[in-house]
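Novice: Here it is, the structure in full.
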Amino acid sequence: MKLLSVCLLLLSGVASAQSGLYLIPVESKFSSDARVVFSKDPVSQPISSGSENGVAYKFNHATGVGFLEGSKGVGVELKSNHHGPNWELRCENRLAHKQCGFKRGGFFLISYVNHDGPGRWSGFFLMSGSSPISLTVDGRTFYVATGGFATDAIEAMGSGKEFTVRYSEQPDDVKTFDLYGFNEAKALSQWALKQIEYLP
């Protein structure tokens, strides 16, 4: 009887260690085909993978970091690459708010913020925190100076094929990407934001 009690105690310890306190609950699923595997190196963390509308993704429930395909068929790894082909997602649980954002090519970031209420898109930012002067989606250009820049541009990107970001008037200070996986990256950000648990 004592041996059985010890075994049950050990099993419950393993279960609690795996369930753990993660930024996103392990049981939460972004897509219907999502499956969770616990990584082994360097520490055990729950990694979910699947596809949404044919766009492959991987997401770390412990750290809130994920990646989605930025071009069809390129595949996806949980590895940051500033000039890579994929969308990179990062979520944070701060004292004042929860935040999820995604970027492409190290030049472009959209943040979705929740201040104890409905989330909102907060805009476009460089890694340094500065904003681009313009964004062009399929030939339609949006300027930071005009009202509703983020809202209008995101709406256009949702149905667009290609976008170009310009950060200055210098001819080479511009980057162009296709929009494959944009809607799925946006949806994953919104989903993750709602799932974030406030950690002690």
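Novice: For Lys98, what residues show an amide H to amide H distance below 5 Å, using hydrogens built from the backbone and excluding near sequence neighbours?
Specialist: Asn114, Asp116
Novice: Here's something else I'd like to know. Could you pull out every one of the aspartates and glutamates with an alpha carbon less than 20 Å from that of Lys72, ignoring same-chain neighbours closer than 8 positions?
Specialist: In chain and number order, the partners are Asp33, Glu52, Glu88, Asp138, Glu162, Asp178, Glu184.
Novice: From the phi angles alone, apply the Karplus equation (6.51, -1.76, 1.60; θ = phi - 60°) to the range 70-80 and give each ³J(HN,Hα) in whole Hz, x where the residue is Gly or Pro.
Specialist: Along the range 70-80, the couplings run x, 9, 4, x, 7, x, 8, 10, 7, 8, 6 Hz.
Novice: If a paramagnetic tag sat 7 Å from the Cα of Asp178 along the Cα-Cβ line, which residues of the range 64-86 would have the backbone N under 11 Å from that point?
Specialist: 70-74
Novice: Distance cut-off 22 Å, Cα to Cα: go down the list Lys79/Lys194; Lys161/Lys194; Lys79/Lys103 and report the pairs above it.
Specialist: Exceeds cut-off: Lys79/Lys194; Lys161/Lys194.
Novice: Got a sec to turn the phi values of the range 57-62 into Karplus ³J(HN,Hα) couplings, 6.51 cos²θ - 1.76 cosθ + 1.60 with θ = phi - 60°, whole Hz, x for Gly and Pro?
Specialist: With coefficients 6.51, -1.76 and 1.60, one gets 8, 9, 9, 8, 5, 7 Hz.
Novice: Using θ = phi - 60° and the Karplus form 6.51 cos²θ - 1.76 cosθ + 1.60, what ³J(HN,Hα) does each residue of the range 162-175 get, whole Hz, x for Gly and Pro?
Specialist: With the stated coefficients, the range 162-175 comes to 8, 9, 10, 10, 10, 9, 7, 7, 4, x, 9, 8, 8, 9 Hz.
Computed from the coordinates by the stated procedures, all read-outs in this text should not be read as laboratory data. These figures come from a predicted structure and were not determined experimentally. Please note: Cβ atoms are built from the backbone with ideal geometry, for glycine as well, and neighbour counts cover all protein chains shown.
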